[in-house]
1. Can you name the residue in region 1-21 that is small (G, A, S) and open to solvent by less than 20 Å² (accessible area, probe 1.4 Å) and, of all such residues, is nearest to P86 (Cα to Cα)?
2. Counting only residues that are assigned to a helix (DSSP H, G or I), hydrophobic (A, V, I, L, M, F, W, C) and at pLDDT 80 or above, how many does region 20-65 have?
3. Select from region 69-91 the residues that are open to solvent by less than 30 Å² (accessible area, probe 1.4 Å) and at pLDDT 90 or above and write down the one among them that is nearest to V46 (Cα to Cα).
4. For Y17, all conditions in the list (1) modelled with pLDDT of 80 or more; (2) in a helix (DSSP H, G or I) hold save one; what is the number of the exception?
5. Quick check on region 114-131. Is at least one of its residues under 22 Å from L34 (Cα atoms), modelled with pLDDT of 90 or more and assigned to a helix (DSSP H, G or I)?
6. Of all residues in region 27-46, count the ones that are open to solvent by 80 Å² or more (accessible area, probe 1.4 Å) and over 12 Å from M87 (Cα atoms).
7. List pairs: first in region 152-166 and modelled with pLDDT of 95 or more, second outside any helix (DSSP H, G or I), Cβ under 7 Å, 6+ apart or cross-chain?
Amino acid sequence: MGNKSPIGWALEPLRKYATFSGRASRAEFWWFFLFVVILYFVFTFVMMGAVGGMATPATHASLGMIGALGPAGLFMILFWLALIIPMIAVSVRRIHDTNRSGWWVGVFYLLYLLYFVMLIGAMGSAIGAGMSGAAEPAAAAGPTAAVTGVLGIVMMIYGIVLLIFYVLPGTRGANRYGPDPYGADVEQVFA
């Protein structure tokens, strides 16, 4: 299993689409991550090229150009939705490879959801205060915005901890989450 090509490693999480149990090697995790990032940039550049090609110096940002962002944006959302499950699954399996609970990843996504809700709430408070004619609309979101900012910093630190876990080598041999993803001949892989 340790002699796969980079493309083989990158496609492995798609084969294990929603498999959260077991372990994922660093190769599987990082090649898949690179694959997703490259696809995302390619789709983004194609989308921007198509939308930008509609603009001319005479038309500037026409309604047609802005309307083209709708289907392209929808495509990007569908792309993200299609890959979010294998991205979370391979992250959980990668954390399992370091003999840690997958809840390390789960807590990050729960914090992310809380951050998103609080951010929307802070923006809604500021917009509502601005629409009602308040002199300082940003002050209406003050406490919520402050807590959201602190939560953002906590998430950044937590993300760095996760990154360190992703980079660490997995436990050699079997651990409580399953056999070594490189197989029984792990000594030959690292020799």
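The values are calculated or read from the model by the stated rules, or taken from the named source; none is laboratory data. Keep in mind it's a predicted model, so treat the numbers as computed, not measured. Methodologically, a virtual Cβ is constructed for each residue, glycine included, from the backbone with ideal geometry; neighbour enumeration extends over all protein chains shown. Only protein heavy atoms, including side chains, enter the accessible area calculation; ligands, DNA and RNA are left aside. Shrake-Rupley method; radii C 1.70, N 1.55, O 1.52, S 1.80 Å.
1. Step one: filter region 1-21 for residues small (G, A, S), giving 2, 5, 8, 10, 18, 21.
Next, from what is left, pick out any that are open to solvent by less than 20 Å² (accessible area, probe 1.4 Å): 8, 10.
Working: G8: 15, A10: 11 Å.
So, considering only residues that are small (G, A, S) and open to solvent by less than 20 Å² (accessible area, probe 1.4 Å), the one nearest to P86 (Cα to Cα) is A10.
2. Step one: of region 20-65, the residues assigned to a helix (DSSP H, G or I) are 26-52, 63-65.
Okay, now just the ones that are also hydrophobic (A, V, I, L, M, F, W, C), so 27, 29-39, 41-43, 45-48, 50-51, 63, 65.
Narrowing the set further to residues that are at pLDDT 80 or above leaves 27, 29-39, 41-43, 45.
Summing the residues that are assigned to a helix (DSSP H, G or I), hydrophobic (A, V, I, L, M, F, W, C) and at pLDDT 80 or above in region 20-65 gives 16.
3. So, considering only residues that are open to solvent by less than 30 Å² (accessible area, probe 1.4 Å) and at pLDDT 90 or above, the one nearest to V46 (Cα to Cα) is L83.
4. For Y17, the exception is condition (2).
5. No, every residue in region 114-131 fails to be under 22 Å from L34 (Cα atoms), modelled with pLDDT of 90 or more and assigned to a helix (DSSP H, G or I).
6. Count: 5.
7. Close Cβ pairs (under 7 Å, with a partner that is outside any helix (DSSP H, G or I)) amount to F165/T98; F165/R100.
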